[in-house]
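What follows is calculated from the coordinates using simple rules that are stated; it is not laboratory data. Small disclaimer: the values here were computed from a predicted structure and weren't measured. Here Cβ is always computed from backbone atoms with ideal geometry, including for glycine, and neighbour counts include all displayed protein chains.
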Amino acid sequence: MIISMKELLQDAQVRRYGVGMFNTFNVEMALGVLEAAEELRAPVILGTAEALLGCCDLEACYSLLSVLAARTPVPIALHLDHGFAEAVVRWAIDIGFGSVMYDQSELPYKESTSNLKKMAEYAHQHGAAIEGELGHVVFDTLDDTGYAYTRPEDVSDYVDRTGVDALAIAIGTAHGVYWEKPVLDLERLRDIRAITSVGLVLHGSSGLSDGDFRNLVRDGIQKFNIYTDVSFATSQAAHDWVERHDRCIERVSVQMRAAAKDAAMAKLRLLNCAGKA
Ligand SMILES: [Zn+2]
């Protein structure tokens, strides 16, 4: 069943668990994640991102995800991750995504907060939740070196100015593959958690240790964005099957779905979300 993001993140905060947000753009990844959620009785978030729209356009993706989520017996929220263009974020809200991230984290503070405020009004008018990012979590695939830790002293002002329902924070993680073990600033997380009641979001969850996940749930992250690990597991399964067996696409598809399920399940087990649906 489809659930609102705000309701889901509030429940996660009260009952102290983390919710996995999985970006998907094909039926194999979506079904794999949903099978994992159903088996563990865990609520999850299914998403797609502006950067993935070359793989599956936004309307087709929403149609797929919403049909699959509606018939799944555990709560599923639908989310657009990393919308950079105003038009894309508005489009996602118009189509029916219950939650959007409007990423203006590379802009100066004033411009970023004023853009978020405008979009938050639009989202709320349409019954959608909105996520903003304070500080900046870098992307490994882009020439992006501007890491900026979230400063706890900015949090109240940012949330008040923008009206965001969820806040992505920078506490040491990065998008994509880690070349060095990330060092998480949990004290910063605890400081931020003490200041605000909005749902806190961690980007760059792939590659963290099992202990990292448990500490992050304990210290107050509600939403964990996980893409790289599930994406790699899914494509590795396709590659291995083709190399060792055959190239019939329907049999490759079955392997991909099973791999996506296993990879999602391994992460969900660390978030204390099993049985919370
Ligand atoms: Zn991200």
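Points worth noting:
- Relative to the current alpha-carbon distance between VAL183 and TYR109, full extension at 0.36 nm per residue lengthens the span by 24.1 nm.
- Helix 109-125 vs. the chain, principal-axis angle (Cα, 0 to 90°, nearest 10): 60 degrees
- Cα long-axis angle, helix 228-244 against the chain (0 to 90 degrees, to the nearest 10): 10 degrees
- Other residues lying with their Cβ under 13 Å from the Cβ of VAL33 contribute a combined charge of -3, Lys and Arg counting +1, Asp and Glu -1.
- Dipole axis of the chain (+1 Lys, Arg; -1 Asp, Glu on Cβ), positive-most option in ASN215, CYS61, GLY163: ASN215
- Flagged links, alpha-carbon separation over 32 Å, of LYS6/LYS261; LYS118/LYS181; LYS110/LYS223: LYS118/LYS181
- Spatially proximal aspartates and glutamates relative to LYS117 (Cα-Cα < 15 Å; intrachain offsets below 8 disregarded): GLU86, ASP103, GLU131, GLU133, ASP157, ASP160, ASP165
- The chain: relative contact order as a whole-number percent, Cα under 8 Å and 6+ apart: 24 percent
- If you take all other residues with their beta carbon under 15 Å from the beta carbon of ARG71, and give Lys and Arg +1 and Asp and Glu -1, the sum is -2.
- Kirkwood Rh and Cα Rg combined as Rg/Rh, the chain: 0.95
- Residue among LEU64, LEU134, LEU189 with the largest mean-square fluctuation in a Gaussian network model of the chain, springs linking Cα atoms under 10 Å: LEU64
- DSSP bridge pairs, the chain: antiparallel proportion in percent, nearest 5: 5 percent
- Longest exposed-site-free window of the chain, the sites being chymotrypsin sites (Phe, Trp or Tyr not before Pro) in a DSSP loop that have at most 13 other C-beta atoms within 10 Å: 1-146
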